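The values are calculated or read from the model by the stated rules, or taken from the named source; none is laboratory data. Nothing here was measured: the structure is a model prediction, and the numbers come from that model. Counting neighbours? That spans all protein chains shown, and the Cβs are built from the backbone with ideal geometry, glycine included. With ligands, DNA and RNA removed, areas are computed over all heavy atoms of the protein, side chains included. Shrake-Rupley method; radii C 1.70, N 1.55, O 1.52, S 1.80 Å.
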Amino acid sequence: MSTTQEHDALQDRLGEMAAAMEAQDIDALMACYDDALVFLENGKERDKAALKEYVQKLWSAGSGFSVDLATVHRVDDVLAVTLEASMSAETPSGDKVTISWPLFVAYQFDLTTLKVVREVAFSDEAGIAEKFAAAGIA
């Protein structure tokens with residue numbers, strides 16, 4: 001596969017992942033990941049099953065969790081992605097607020113299968129907690 005074909009294939013795969021997130025289709029999303037996935041979130045190493053559980057928890061919270069693609073950079077078999085994540089919640093007074101924050105993710109792909117073999121994600125958990133606290137949400 002040429003470099004251009006690889007680039008296009010990785011962009012297509014990222015689009016499939018985004019569509020699965022939007023549709024909250026866990027099976028389609030997990031099909032994009034290798035069974036031996038290493039998932040690192042804020043320095044904590046997890047596996048594919050833990051990623052699936054994490055995503056399902058986000059979706060089940062009824063929070064309207066979503067991500068929008070902000071930027072993508074490619075280096076060899078890695079896509080470095082900046083996402084705008086957002087989540088809605090209700091304040092104690094009944095007001096609905098939406099909190100947004102940047103989420104930085106590096107997806108390393110097996111270029112033969114186009115499956116993610118390593119995902120490294122980082123977000124400022126303390127900063128997100130402060131945003132929720134400032135909105136009156138624990």
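Worth a mention:
- FRET efficiency for the Val72 to Asp34 pair, using the beta carbon distance and R₀ = 22 Å, is estimated at 0.65.
- Angle in degrees between helix 125-134 and the longest Cα principal axis of the chain, rounded to the nearest 10: 30
- In degrees, nearest ten, helix 48-60 long axis to first principal axis of the chain (Cα): 40
- Mean shadow area of the chain over all directions, Cα convex hull, nm²: 8.4
- Full-extension gain in nm, His7 to Trp101, via 0.36 nm per residue minus C-alpha separation: 31.1 nm
- FRET E, pair Ser93, Gln56, Förster distance 25 Å, beta-carbon r, rounded to 0.05: 0.25
- Accessible surface calculations at 1.4 Å, restricted to protein heavy atoms, place segment 46-138 at 57 Å² per residue.
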